[in-house]
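Asks: Questions regarding the structure given below will be posed in turn.
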Amino acid sequence: FSVTPTVNTQFRLASAATWTYLAGWSPAAATNARWRVTAAFDDATVKRGTTVTLRGSVGPVRSGTRVVVQRLSGTWTTVGTRAVSTKGTYAFAFTPSAAGTYTYRVRVETTPLNTAGATGNRVLTVS
């Protein structure tokens with residue numbers, strides 16, 4: 001069976017007693033939930049020199065959690081960081097200076113309470 005927890009939790013296996021064996025339990029195994037990260041451009045097709053905003057949310061909500069915005073240029077390069085609001089939202093505004101197609105993603109790194117999470121690729125077209 002497969003389980004995908006949405007909150008941090010602990011699992012243990014248990015077996016029922018039979019005529020031959022006593023009941024048994026495994027030690028508890030802790031697991032951390034993965035950060036849920038969303039992101040979208042207000043407008044994914046813009047003219048050069050126009051301010052663009054990438055907005056999203058992070059869950060579970062923990063005010064002050066840092067999001068990392070990255071752009072793909074051969075490798076993923078960090079272009080900014082933001083702290084999420086008390087509602088778990090963030091916004092990252094920037095002004096592209098050159099025409100082209102750019103790929104971005106937003107990540108939240110592993111913390112003691114959650115495993116790293118990231119959005120899929122978000123494409124911005126600048127003309």
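Asks: Residues of the stretch 28-52 being modelled with pLDDT under 90, under 29 Å from TYR104 (Cβ atoms) and either open to solvent by less than 100 Å² (accessible area, probe 1.4 Å) or of a type outside the set (Lys, Arg) (or both), which ones? I'd like the intermediate steps shown before the answer.
Replies: Filtering the stretch 28-52 for residues modelled with pLDDT under 90 gives 28-34.
Still in the list and also under 29 Å from TYR104 (Cβ atoms): 32-34.
Within the stretch 28-52, ASN32, ALA33 meet the criteria.
Asks: Got a number for residues in the stretch 65-80 being assigned to a strand (DSSP E or B), surrounded by 15 or more Cβ atoms within 10 Å (Cβ to Cβ) and among the polar types (S, T, N, Q)?
Replies: 1
Asks: Further, regarding this structure: What pairs come up if the first residue lies in the stretch 6-27 and is within 30 Å of ALA116 (Cα to Cα) and open to solvent by 90 Å² or more (accessible area, probe 1.4 Å), the second is among the polar types (S, T, N, Q) and assigned to a loop (DSSP other than H, G, I, E, B), and their beta carbons are under 9 Å apart, counting only those six or more places apart or on different chains?
Replies: Final answer for the pair search is ARG12/SER26; LEU13/SER26.
Asks: Pairs needed: first member in the stretch 104-127, closer than 14 Å to ARG55 by Cα; second member anywhere, in a loop (DSSP other than H, G, I, E, B) and open to solvent by 50 Å² or more (accessible area, probe 1.4 Å); C-beta distance under 8 Å; at least 6 residues apart or different chains.
Replies: These pairs meet every condition: TYR104/ASN121; ARG105/ASN121; THR119/THR38.
Asks: Still on this structure, please answer the following. Can you name the condition, by its number, that ASP43 falls short on among (1) farther than 30 Å from VAL69 by Cβ; (2) in a loop (DSSP other than H, G, I, E, B)?
Replies: Result: ASP43 passes all but (1).
Asks: Within the stretch 94-121, take every residue that is over 13 Å from the mean Cα position of the chain (by Cα) and open to solvent by 60 Å² or more (accessible area, probe 1.4 Å) and give me the one that is farthest from SER63 (Cα to Cα).
Replies: ALA99
The values are calculated or read from the model by the stated rules, or taken from the named source; none is laboratory data. Predicted model, so just to flag it, every value in this text is computed and none were measured. Note: ideal-geometry Cβ built from the backbone for every residue, glycine included; neighbour counts use all protein chains shown. Remember, those area values only see protein heavy atoms, side chains included, never the ligands or the DNA or RNA. Shrake-Rupley method; radii C 1.70, N 1.55, O 1.52, S 1.80 Å.
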